[in-house]
Amino acid sequence: MNTTRELGDEDEGLSVSMVVYRPDLKQLAQTLSSLTGSYDALRQAHPAVKLDVCMVDNGGLPDMTTAFADLESRGARCSVITGQGNVGYGCGHNLAIAHAASRYHLVLNPDIDLDRDALTRAVDFFESHPDVGLLTPRIGDETGRIQYLCRRYPTLLDLFVRGFLPARARRFFAGRLARYEMHDVINERDVVWDPPIVSGCFMLFRTKVLKRLAGFDPRYFLYFEDYDLSLRTHDVTRIAYLPSVRVLHHGGGAARKGSAHIRMFVTSAYRFFNRFGWKWL
C-alpha cells in the first residue's frame, strides 16, 4: 500500500476522509468545492483550525493534484491512500482514521455538498456541548426536501419495504416507514438527542471517540457499517442531530444500483442482525 502523505501532525484541527471507487469526477469536484467553501467560513470563525483531507482510492481515482489545488491554497493538507485495492467502505475510512491526529474527524461521502456554514456550526456546537461525540446534519435531496436518514432500529420488513418495493406499493406502508425514519421528531428546527442510527454519508466525530471505537467494523464491505457504528457510539458518548448543519446528498438506494449491490446489502444486513438482534416485523 502506498500512502502519498500520512494524515496529521499533532494539532487540534479537522480531518476528513472520503472513500472513492470509480467516482463521478464532476460530483467529486463539486463536493471538494463545497468543502473548500465551508472551510473558508470555518477559518473566519476559528482561524487556528487546520484541515487534513484524505482521499482513499479503492479504485479508479485519477491524479488529484488539480482537484486539491483550491484546498491546498487555503493551507489544507491533502493526501491520497492508494494501492490497497477495493477494501470496502468502512475499511477504507479506517485507513485514514488510523492516521488522524485531529480534534474532529468527518466521515464524508463523495456525493455530499456542504452548506457554507456547516462546519462552523458543527464545531461551535461541539465546543458548547462537551458530552456530544457524534453529530449528524440536516440532509437534503436535490429538490431541497429532507432526507430522513436518522433511523430507529430496523426490522426486516422495514428494510425490505424501503429498499426494494416500488413506490406505488410503499404507499401502503407509509406510516410504518415514517416511524422507522423518525418523521415524528426530525425537522428543520429542533436538535434531536441520541437518534439510534445516523447516516454514514456525513458523520462528524470527536476523533478520540472514533478511535476509542476503532472506527468501522471491517467485516462490513458495504452497507450497515454506519448502523453498526452508530449503535456502538451510544455506548461511549451522545449523538446529536443538528438541523442548522445542512448538507445536500446526491446518493441512491441499493435496489437502484443492480444485483451486486443487492447481494452486498443482504450480506451486511445478515451480519448486522446477527450482531445486534433480529427483528422481523
- [ ] Using a cut-off of under 11 Å, list every residue of segment 134-167 whose amide N is near the label point 7 Å from the Cα of residue 234 along the Cα-to-beta-carbon line.
- [x] 151-154
TODO: Filter the GluC sites (Glu not before Pro) in segment 123-220 to those in DSSP coil with at most 11 other Cβ atoms within 10 Å of their Cβ, and list the result.
DONE: 142, 188
Task: Expected 222 nm ellipticity per residue - DSSP helices of 4 or more, -39500 (n - 2.57), all of the chain, to 500 - done: -10500 deg cm²/dmol
- [ ] May I ask you to list the trypsin sites (Lys or Arg not before Pro) in segment 180-231 that are in a DSSP loop and have at most 16 other Cβ atoms within 10 Å of their Cβ?
- [x] 189, 219
TODO: Run the dipole for segment 48-169 about the Cα centre, Lys and Arg Cβ at +1, Asp and Glu Cβ at -1, nothing else charged, and hand back the magnitude in debye, nearest 20.
DONE: 400 debye
- [ ] Among 165, 120, 46, pick out the residue whose Cα is farthest towards the positive end of the charge dipole of the chain, where Lys and Arg carry +1 and Asp and Glu carry -1 on C-beta, about the Cα centre.
- [x] 165
- [ ] State whether segment 148-232 is rounded, prolate or oblate according to the following rule on the C-alpha gyration tensor (a ≥ b ≥ c being the square roots of its eigenvalues): a/c under 1.5 gives rounded; otherwise a/b larger than b/c gives prolate, and the remaining case gives oblate.
- [x] oblate
TODO: Determine the percent antiparallel among the DSSP beta bridges restricted to the chain, to the nearest 5.
DONE: 40 percent
Open item on the list: I need to check one value: relative contact order of segment 152-250, counting alpha carbon pairs closer than 8 Å and at least 6 residues apart, in percent.
Closed with: 33 percent
Task: Lys/Arg +1, Asp/Glu -1 at C-beta; the chain dipole; positive extreme among 261, 34, 64 - done: 261
Task: Helix 259-276 vs. the chain, principal-axis angle (Cα, 0 to 90°, nearest 10) - done: 80 degrees
- [ ] Using the Karplus curve 6.51 cos²θ - 1.76 cosθ + 1.60 with θ = phi - 60°, work out ³J(HN,Hα) for each residue of segment 158-166 in order, rounded to whole Hz, and write x for Gly and Pro.
- [x] 4, 5, 5, 4, 6, x, 10, 7, x
Task: Potential extension, residue 250-residue 86 segment - 0.36 nm per residue separation minus Cα distance - done: 56.8 nm
Task: Cα gyration tensor, segment 1-154 - rounded (a/c under 1.5), prolate or oblate - done: rounded
Task: Cβ-placed point charges (K, R +1; D, E -1), dipole of segment 163-255 about Cα centre in debye, nearest 20 - done: 60 debye
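Read-outs throughout are calculated quantities, based only on the coordinates presented, and are distinct from any laboratory measurement. Being a predicted model, the structure only gives us computed values, none of them experimental. Because the Cβ atoms are built from the backbone with ideal geometry, glycine has one as well, and the counts that use them run over all protein chains shown.
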